[in-house]
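Report on one structure; see the data block that follows.
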Amino acid sequence: MKKLIFKIDKKIDFRNHLIQMNWRDKTGFKFSEKDLSYFNSLENIKDIQEQWKEFKKYSADFYSDENKDNINEILNSYQKSWDEVEDIYIKKMEDIHKQKFPYESVFGVLSTSPGGWGFNFNEDEPWFACPNKIDKKFIKVAMHEIMHGFFIEYFREKYKKDFNLNDNQLWDVQESLTILLNIELGDILPEPDMGYPQHQELREEVKETWLETRDISKILNHICEIVKK
């Protein structure tokens, strides 16, 4: 059975818009003036039903009947490309984390958000958002987000408790770990996982510790000590 399945889900897409609305300053993602205006208008609307209407207007072209063939083409292209690397990716993730793939299946949901890919791995059908056009970088997005799933499932609560970390510090840890994709899966990544500017020093700590120890627990202990200062 496939571990990652791509699909469309308008309600999840909407949730990703709200995630990006709330995180747009934190991530440092460079949105256009038009897209910032959209997020600002979405934020100024306090009623969720009215936000839904605003989202539907923004995403109407993508979900139109005229675009159905294009959507199917994107989904088929994504699935075919991912299926070619899934076994390699999962084995490498299991080796890095010394844990089994934590989900029966994960869903990659096409999102009309102008940028940024949210996720929720704690639902019955865990999901992450990904680009809504054919673009090879979707593989990087998928690998990046699913790696977060490993951290959330197996490590987040333990290190939160052991180091008394807050959500922002845990986010720093989580995002720094994805530099391991470049080291261990660089041959199938379409482009390097660059991370956020504010995490570059921490990512170098992850890299150095990994090359020295190949031990995810030692990495986590080390960088949790750094972020809690």
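What follows draws every value from the coordinates through simple rules; no lab data is involved. Remember, predicted model here, so these are calculated numbers, not experimental data. Using ideal geometry, Cβ is built from the backbone for each residue, glycine included, and neighbour counts are taken over all protein chains shown.
The table for this structure:
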| quantity | calculated |
| --- | --- |
| Test item: Cα-centred dipole of the chain, Lys/Arg +1 and Asp/Glu -1 on Cβ, debye | 280 |
| Semi-axis lengths, Å, the stretch 43-173, gyration tensor of Cα atoms, sqrt of 5 times eigenvalues | 29, 23, 11 |
| Met194, Met1, Met147 arranged by Cβ crowding within 10 Å, fewest neighbours leading | Met1, Met194, Met147 |
| More than 16 angstrom apart: percent of Cα pairs within the stretch 110-190 | 57 |
| Correct choice for Rg/Rh (Cα atoms, Kirkwood Rh) that was computed from the model, options (i) 0.93; (ii) 0.97; (iii) 1.56 | (ii) |
| Taking the stretch 4-153 and dividing mean pair separation by its residue count, relative contact order in percent (alpha carbons under 8 Å, at least six apart) | 34 |
| For the stretch 84-101, 3J(HN,Hα) per residue [Karplus equation, 6.51 cos²θ - 1.76 cosθ + 1.60, θ = phi - 60°, Hz, x = Gly/Pro] | 5, 10, 4, 4, 4, 4, 5, 4, 5, 5, 5, 5, 4, 8, 6, 9, 6, 3 |
| Relative packing of peptides 39-47, 112-120 - highest average C-beta neighbours within 10 Å first | 112-120, 39-47 |
| Compactness of the stretch 155-227 as Cα Rg over 2.2 N^0.38 Å, two decimals | 1.08 |
| Computed label-point distance, nm, for sites Glu191 and Asn120 using a 7 Å Cα→Cβ extension | 2.9 |
| Taking Met93, Met21 and counting other C-beta atoms within 10 Å, the order from fewest to most | Met21, Met93 |
| Surrounding net charge for Ile152, when Lys and Arg each add one and Asp and Glu each subtract one, Cβ distance under 13 Å | -3 |
| 5 angstrom amide H check on Val106, placed H, neighbours 5+ away | Leu4, Ile5 |
